[in-house]
Structure formats: structure tokens, C-alpha cells
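K.L.:
Sharing a structure below in C-alpha cells format, with a few things to ask.
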Amino acid sequence: MSAPRRGRAPNAAGWRRTVPGRLLAGGAGVAVLARCTGGPSALDPHGVRAVQIAADWWGMAIAAAAIWAGVMSLLALALLPRQRGVDQWALAEDYRETPRGGLALVVAGGIVMPVIVLGVLAFVGSRALAAQVTPASPTAFEVDVTGHQFWWEVHYPSQQITTANEIHVPVGQSVQLTLHGADVIHSFWVPQLMGKMDLIPGQTNTTWLRADAPGVYRGQCAEYCGLQHAHMAFLVIADPPDQFAAWAAAQAQPASQPTDPALQDGAQVFARQGCIGCHAIRYGAGDTGGKIGPDLTHLASRGTIAAGTLDNTRGNLGGWIMNSQALKPGNLMPPMPMDGPSLQALLTYLESLK
Ligand code: CUA
């Protein structure tokens with residue numbers, strides 16, 4: 001066995017253990033945090049609730065760093081080698097043996113500090129919890145959201161709108177959210193706008209959100225709910241109020257009965273292939289179709305399909321219809337193989353549902 005060589009240039013892993021290496025690694029961590037802007041990051045808030053959560057996060061991170069630095073300094077002090085003939089172990093021993101010296105240290109470090117830190121955390125946490133149910137401003141309307149494996153059903157009761165995987169809201173207005181679970185527990189989370197709230201079968205949870213800047217904010221199911229939990233996303237689209245009103249007016253309209261023969265063909269494929277058993281396309285008064293899958297009355301107005309998994313393009317839609325199991329295994333939609341002309345007619349019809 002060869003003796004360890006001294007003075008050897010450290011390898012990559014060894015180098016990271018050096019002081020400059022650690023500083024650089026820490027710097028890289030800060031750089032990663034700085035990158036948390038632009039994506040669906042809770043540290044890039046665009047709504048009043050998320051601003052509060054981000055402030056709490058930074059406060060806790062800074063406090064934790066300060067406590068860590070304090071503890072590490074004490075540890076370093078204790079581990080310093082003997083210097084100039086001073087025996088620190090003997091000094092520590094002397095201190096411990098002075099009346100009350102050890103006790104004071106235990107009370108300060110073991111009782112006073114934790115009570116202060118946990119007290120502040122409890123206050124911050126309770127404030128964040130209270131904010132979940134107390135809107136910052138009166139809510140403009142209600143949006144009813146039901147979590148399914150693996151998609152989001154969305155209703156606007158007062159506007160008579162039914163959609164899926166997309167929630168439009170007017171900028172600057174608080175919106176009440178009423179949350180249900182259809183099958184298992186899901187969790188509604190829009191990191192840039194709000195914290196998480198579970199959707200629980202048999203229970204109604206309420207919360208709210210407010211977007212303070214226009215934009216498209218990605219939301220995500222935040223409770224593991226099955227194989228495609230990760231592909232259970234949605235979009236919150238914050239529009240200026242007039243744009244939101246135009247969207248709401250269009251969504252409240254029923255689908256128009258196809259008069260074009262090509263579209264009529266597609267509607268027939270929709271019925272013949274059995275799509276209608278699970279999906280509704282609403283024409284006027286009576287609902288047409290099933291309620292198991294997303295409502296398709298305004299499918300073509302949505303940006304994505306399969307709960308944020310794919311862009312809503314003709315090609316993706318075709319692939320999804322023919323074999324959605326290849327794209328999102330375990331979702332409830334069975335493969336729907338059909339001949340080319342039928343598929344093209346169906347796609348043309350679906351793309352007309354604006
Ligand atoms: Cu729904 Cu995870």
C-alpha cells in the first residue's frame with residue numbers, strides 16, 4: 001500500500017472541500033437561486049400572496065444562515081488549536097465549573113434562543129395560513145376547480161363557463177377559489193401567485209388568488225396523485241380586465257352547430273368513435289356528451305392539451321387521440337385508433353371549437 005502523498009493537487013471532489021471551493025460552491029447556489037426568475041418560481045412573485053411567501057422565505061433563509069454561521073463560529077472557536085501556551089480545554093473546563101456558567105449557556109442556547117426562533121416562525125407561519133382564507137381585496141367572482149387524475153376541471157358559476165386546465169383571471173382582482181377532489185387528493189399550486197391548497201374528495205376547500213401583473217403563470221399539482229402527477233399542470237392567465245371580459249363572453253357562448261360538410265363529418269366521427277361518451281361539446285341548452293374528460297366546447301381556445309403536457313397543435317392533438325397512452329401513460333383516455341380521413345375530419349372539427 002503506498003503512503004498518502006502530501007502536497008498533491010486536489011482532484012475535483014477534493015478541491016470542492018477547500019475553502020475557496022466551498023465559497024465558489026456557495027456562489028453557484030446563489031446563482032441557481034438568481035436563475036429562479038422567469039420560470040414558475042415562488043421566488044419570482046407576481047401576486048400579493050406570493051410576495052408575502054417570498055418575503056417569508058428570504059427571512060427564514062437569512063435567519064437560518066445567521067444561526068448556522070453563529071453555531072459554526074462557536075464550533076471553530078472550540079476546535080482552535082492551542083496557541084501561545086493557552087490551554088483552551090482547560091479554559092472551557094474552568095468556565096463550566098464556575099457557578100451558573102454552564103447553566104447560563106444551557107439556558108441561553110437551549111431555551112431562550114429556540115423559544116425566540118420558534119416563536120417568530122410560529123408567528124410568520126400563522127400569518128401565512130391566515131392569508132390563505134382572507135382575500136387582500138373583496139373577491140370579484142368564484143372559480144370552482146376540481147382535481148381529477150390527471151387534469152383540472154374549471155367552472156365559473158356566475159359566468160356559466162366550463163373549461164379545463166386553464167384559468168383566466170383579471171389582473172389586480174382577487175378571485176375566490178373553491179377546490180374539490182374527484183378521486184384522490186391533489187394540490188393546487190401557482191408558485192408565482194400563491195401557496196398550495198389541497199383538493200380533497202368529499203371536502204370543499206376555499207382559498208383565493210390575485211395576479212398583480214399580466215402574464216401566463218404555470219400551476220402544478222403539488223400532491224402526489226398517481227403515475228402522471230408530474231403531468232398535471234395548468235395555466236393561470238392574467239389578462240387586463242377588458243381582455244378578460246372578452247374571453248369570458250366568448251367562453252360563455254355555446255358551440256355553433258357545424259354547417260360546413262367537412263365539420264359535420266368531424267362531428268359525426270366525434271359521435272361514432274365514442275369521444276362523446278366522455279367529452280362534452282355544448283350546443284345551446286342541453287349538454288351534449290359525457291363529463292368524464294375535459295369539456296371541449298372551446299378546446300381550440302386553449303393553449304395546451306393533456307393538462308399542460310403538450311401544446312395544443314393539430315399534430316399533438318392527432319397523436320393524443322390515436323394513442324394518448326404513449327404520451328401520458330396511465331391517463332384515463334383509451335387509445336382511439338381510426339383511419340386517416342376520419343382523424344383529419346375530427347381534427348378539423350376540434351380545431352373549429354374556438
Ligand atoms: Cu394531481 Cu398530483
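K.L.:
Please work out the FRET efficiency for the pair A108 and D56, using the Cβ-Cβ distance as r and a Förster radius of 22 Å; give the result to the nearest 0.05. It would help to have the intermediate numbers written out before the result.
P.N.:
Numbers: r = 26 Å, r/R0 = 1.19.
Once rounded, the FRET efficiency stands at 0.25.
K.L.:
What distance in nm separates the simple spin-label points at A128 and D144, each placed 7 Å from Cα in the Cβ direction?
P.N.:
Once both label points are built, they end up 3.1 nm from each other.
K.L.:
Using a basic spin-label model with each label point 7 Å from the Cα along Cα→Cβ, how many nm lie between K354 and K196?
P.N.:
4.0
K.L.:
State in Å² the accessible area per residue of the range 182-315; use a 1.4 Å probe, count heavy atoms of protein chains only, and round to the nearest integer. Walk me through the numbers on the way to the answer.
P.N.:
On the way: 5830 Å² over 134 residues.
Accessible area per residue, the range 182-315: 43 Å².
K.L.:
May I ask you to order 298-308, 111-121 by the average number of other C-beta atoms within 10 Å around their residues, highest value first? Let's see the in-between values first.
P.N.:
Details: 298-308: 19.7, 111-121: 11.5.
Highest to lowest by the protection proxy: 298-308, 111-121.
K.L.:
Could you state the number of Å between the C-alpha centres of the range 216-266 and the range 169-202?
P.N.:
Cα centres, the range 169-202 to the range 216-266: 16 Å.
K.L.:
With r as the distance between the Cβ atoms of I185 and L80 and R0 = 30 Å, compute the FRET efficiency 1/(1 + (r/R0)^6) and round to 0.05. Let's see the in-between values first.
P.N.:
Details: r = 52 Å, r/R0 = 1.74.
FRET efficiency, L80 to I185: 0.05.
K.L.:
What FRET efficiency do you get for T313 and Q273 if R0 is 25 Å and r is their Cβ-Cβ distance, rounded to the nearest 0.05?
P.N.:
That pair, T313 with Q273, gives E of 0.75.
K.L.:
Right, another one. Ignoring ligands, DNA and RNA, please state the percent of accessible area on the range 149-202 from carbon and sulfur, probe 1.4 Å.
P.N.:
Values: 840 of 1590 Å².
For the range 149-202, the apolar C and S fraction of the accessible surface comes to 53 percent.
K.L.:
Could you give P(r) for the range 268-354, binned at 10 Å from zero, as whole percent values over all Cα-Cα pairs?
P.N.:
Percent of pairs per bin, in order: 17, 56, 26, 1.
K.L.:
Subtract the Cα-Cα distance of A250 and S73 from 0.36 nm times their separation in residues, and report this length gain in nm to one decimal.
P.N.:
Using 0.36 nm per residue and subtracting the Cα-Cα distance, I get 57.4 nm.
K.L.:
Taking 0.36 nm per residue of sequence separation and subtracting the Cα-Cα distance, how much length would be gained by fully extending the chain between A326 and A300, in nm to one decimal?
P.N.:
Working: separation 26, 0.36 × 26 = 9.36 nm, distance 2.23 nm.
Value of the extension gain: 7.1 nm.
K.L.:
What percentage of the solvent-accessible surface of the range 261-351, computed with a 1.4 Å probe over protein heavy atoms, is contributed by carbon and sulfur atoms? Intermediate values should be presented prior to the final figure.
P.N.:
Numbers: 2450 of 3940 Å².
Heavy-atom surface of the range 261-351 belonging to carbon and sulfur, 1.4 Å probe: 62 percent.
The values are calculated or read from the model by the stated rules, or taken from the named source; none is laboratory data. Not measured: the values here are computed from a predicted model. We place every Cβ from the backbone using ideal geometry, glycine too, and count neighbours over all the protein chains shown. These accessible areas exclude ligands, DNA and RNA; they are computed on the full protein's heavy atoms, side chains included. Shrake-Rupley method; radii C 1.70, N 1.55, O 1.52, S 1.80 Å.
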